[in-house]
Amino acid sequence: MTISLIFSLTIFLFIAAITPGPNNLLLTSSGANVGFKGSLKLMAGIMLGMQCVLLSSAFGVATLLIIYPALHIGLKIVGSAYLLWLAWKTAASSYQRLDIPAKALQAVSWFQGGLLQFLNPKAWMMGLGAVGSFSLSGDAYFSSIITISIVMVVVNFGAGVVWILGGTLISLFLQSRRTWFIFNILMGLLTALCVPLIWIE
């Protein structure tokens, strides 16, 4: 891949990764609730899920969503239900003192973060968009997929760190039960508001 193509790919993936969405809202909420270190597993799960979606897109699984539109609708329904469950879990989080060791605090697990990617139409569109727009044909196909995968890891890591740090900074203001309650309700509502967005084509 040429430098200019890699640059364009990086811009495309960065915009997709840094803009608000379910992943970033979960990372912000996790950063505020369990701190930076406690959120790394969730970020790793999200990144692993994104890699699986990318590779599925690259090697044909995602084309089933195009060939069979009913599968896409089913994905949206299941994804919407899962997002609403995560929104409820976020909003209903109980108050925790922030000086409690991270092991005692509860966070969304890495597995839940990874699973979200398979149920997130935006993740599939990101994978399909990257493969469809930036992969090379012929013998260069596999090497271009590897390049896309590496760029996605770097970009997702950078964007994830930004959102977790944002949540960690927010935690400085969460020193009372009231502010904690308001923050978690707000994050839960914002996560729920992502549901209508996945239905907009």
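The values are calculated or read from the model by the stated rules, or taken from the named source; none is laboratory data. Everything numeric in this text was worked out from a predicted model, so none of it was measured. Backbone-built Cβ (ideal geometry, glycine too); neighbour counts: all protein chains shown. The area values use the complete protein model at the heavy-atom level, side chains included, leaving out ligands, DNA and RNA. Shrake-Rupley method; radii C 1.70, N 1.55, O 1.52, S 1.80 Å.
Listed values, structure above:
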{"read-out": "The stretch 19-47: number of residues that are open to solvent by 40 Å² or more (accessible area, probe 1.4 Å) and either in contact with a strand residue (DSSP E or B) (Cβ under 6 Å, 6 or more places away or on another chain) or modelled with pLDDT under 85 (or both)", "value": "2"}
{"read-out": "Residue match in the stretch 176-192 (condition: open to solvent by 50 Å² or more (accessible area, probe 1.4 Å) and among the polar types (S, T, N, Q))", "value": "no"}
{"read-out": "Leading residue by the ranking (nearest to Phe59 (Cα to Cα)) among those in the stretch 136-158 that are open to solvent by 40 Å² or more (accessible area, probe 1.4 Å) and within 21 Å of the chain's Cα centre (by Cα)", "value": "Ile146"}
{"read-out": "Pair list, Cβ < 8 Å and 6+ apart or interchain, from the stretch 26-39 residues that are under 13 Å from Leu86 (Cα atoms) to residues that are of a type in the set (Val, Ile, Thr) and in a helix (DSSP H, G or I)", "value": "Leu26/Ile46; Leu26/Thr90; Leu26/Thr191; Leu27/Ile46; Leu27/Ile164; Ser29/Thr90; Ser29/Thr191; Ser30/Ile164"}
{"read-out": "Those residues of the stretch 50-76 which are modelled with pLDDT of 75 or more and in a helix (DSSP H, G or I), in sequence order", "value": "Met50, Gln51, Cys52, Val53, Leu54, Leu55, Ser56, Ser57, Ala58, Ala70, Ile73, Gly74"}
{"read-out": "Per-region count, the stretch 156-201, residues at pLDDT 85 or above and closer than 16 Å to Thr19 by Cα", "value": "12"}
{"read-out": "Output for the stretch 115-135, where each listed residue is surrounded by fewer than 20 Cβ atoms within 10 Å (Cβ to Cβ) and closer than 20 Å to Ala44 by Cβ", "value": "Leu115, Phe118, Lys122"}
{"read-out": "Of residues in the stretch 87-110 being at pLDDT 70 or above and out of contact with any helix residue (DSSP H, G or I) (no Cβ under 6 Å at 6 or more places or on another chain), the one most open to solvent (accessible area, probe 1.4 Å)", "value": "Trp88"}
